[in-house]
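First comes the structure, then the notes that go with it.
The numbers here are math on the coordinates, done by the rules we state, and not lab data. In this text the structure is predicted, and so the values were computed from the model without any measurement. Neighbour counts run over all protein chains shown; Cβ positions are idealised from the backbone, glycine included.
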Amino acid sequence: MTDTTGTVRHDAADLAESLLTHDDADLDRPFTILTHRQASSLVERREALRPLYEAIVARIGPPTLLGGTAHGPSVRWHGSERILLLSGDHGEALLSAHEAAAFVQEEYSRFDSGSLPYTWQLDRHGPGHDHGWTFNGHAAANGWAQTEEHLAQILASWAEHMPLQAPGDWVSFKLWASRDWGRTMIVSYQPSQTSREFCAVIDDRGHEQTPERAAQMRATGWQDLDDTGSWYTRLPETDPTAPATLARLIVTDLRARGTVSSHEVTAWDISAGDHGKLWVPGIGVDVHPRRGEHF
């Protein structure tokens, strides 16, 4: 990875300030502020970006909107006429500035055409202007394979970006399936739970907990049964396969309980530390409530 010495941090902060505030800033051009070595882990990428992100926030203030894509951050600072975007992928982190009205309208059009400019967005009423054009729809994944892929991507994105953007906060959601309505599965990322940050829990009280049932649940991917009759699996963020493993468990369990299509599944009670509104267009299933009017 590139180093993050004081000079590099200062340069990133200078760039952020100039892109957001200077009249002669070069708009719609991404500037690389950090490069990652090939095959770096999400934890390595997160910690490499941390000092630069903190330097930028110290210079220009907290973001207007937090968020991430399937492959990188999606953090925005909204000026009166300009948006500064921190983006990137597994290879690099980028800063770019955009004319606000054109940016939000183009992003709305991308959503409307079926693409995902971001996987999740957290609105904590940060400083800055509201430029409207927020997409109100939601596109669930097309089939189980895509649902599993989207779930894995959003879990990995939370692990890589939430501890940096919202230090200490957990993220969680609940899943219900229409053919098994009322049975709750809880999925979460909890950075305070060292070495078991990813977690899924399923209410299994409708079944007698026999040795045969235990073998069946473990074959599905569940690790153990708690005192309330719920099965759980906990995985460490340091395991690069953990998000995909948890996503596969979620889909396998839903299908084993009779769910035929991912369109029968709804995510609800979606929260990040019970603070702000967390929107998850990239979660892979339907959501409740949908994002409200915002024009």
Simple label model, 7 Å out from Cα along Cβ direction - Asp224 to Val8, nm: 4.0
Helix 211-220 axis, angle to the chain major axis (alpha carbon atoms, nearest 10°): 30
Euclidean distance between Cα centres, region 162-234 to region 6-74, Å: 34
The chain, dipole about Cα centre (Lys/Arg Cβ +1, Asp/Glu Cβ -1), debye to the nearest 20: 660
Trp279, Trp170, Trp268 arranged by Cβ crowding within 10 Å, fewest neighbours leading: Trp268, Trp170, Trp279
Structure-based [θ]222 nm, the chain - -39500 (n - 2.57) summed over DSSP H runs of at least 4, per residue, nearest 500: -10500 deg cm²/dmol
Overall form of region 6-123 per C-alpha gyration tensor (a/c, 1.5; a/b vs b/c): oblate
Cα long-axis angle, helix 6-21 against the chain (0 to 90 degrees, to the nearest 10): 80
Charge dipole (the chain, unit charges on Cβ, about Cα centre) - positive-most of Leu20, Val57, Gly182: Gly182
Among Ala242, Ala215, Ala140, residue whose mean-square fluctuation peaks in a GNM of the chain (springs only between Cα atoms under 10 Å): Ala215
Beta bridges by DSSP in the chain, antiparallel share as percent, to the nearest 5: 90
Degrees between helix 100-112 axis and first principal axis of the chain (Cα, 0 to 90, nearest 10): 30
Region 144-288, dipole about Cα centre (Lys/Arg Cβ +1, Asp/Glu Cβ -1), debye to the nearest 20: 220
Relative contact order computed over the chain (Cα-Cα under 8 Å; 6+ residues apart), in percent: 20
Order of His71, His125 - criterion: other Cβ atoms within 10 Å of each residue's Cβ, fewest first: His125, His71
Ser41 versus Asp239: modelled label distance in nm, points set 7 Å from Cα along the beta carbon direction: 1.2
Backbone N within region 42-67 under 16 Å of label point (7 Å from Thr21 Cα along the Cβ vector): 55-64
10 Å beta-carbon shell around Pro163, net charge (K/R +1, D/E -1): -3
Most mobile of Pro30, Pro73, Pro243 in a GNM of the chain (Cα contacts under 10 Å): Pro30
Of Ala200, Trp222, Ile250, farthest towards positive along the dipole that unit charges on Lys, Arg, Asp, Glu beta carbons give region 139-295: Ile250
Net charge, Val57 excluded, C-beta distance under 13 Å - Lys, Arg +1, Asp, Glu -1: +2
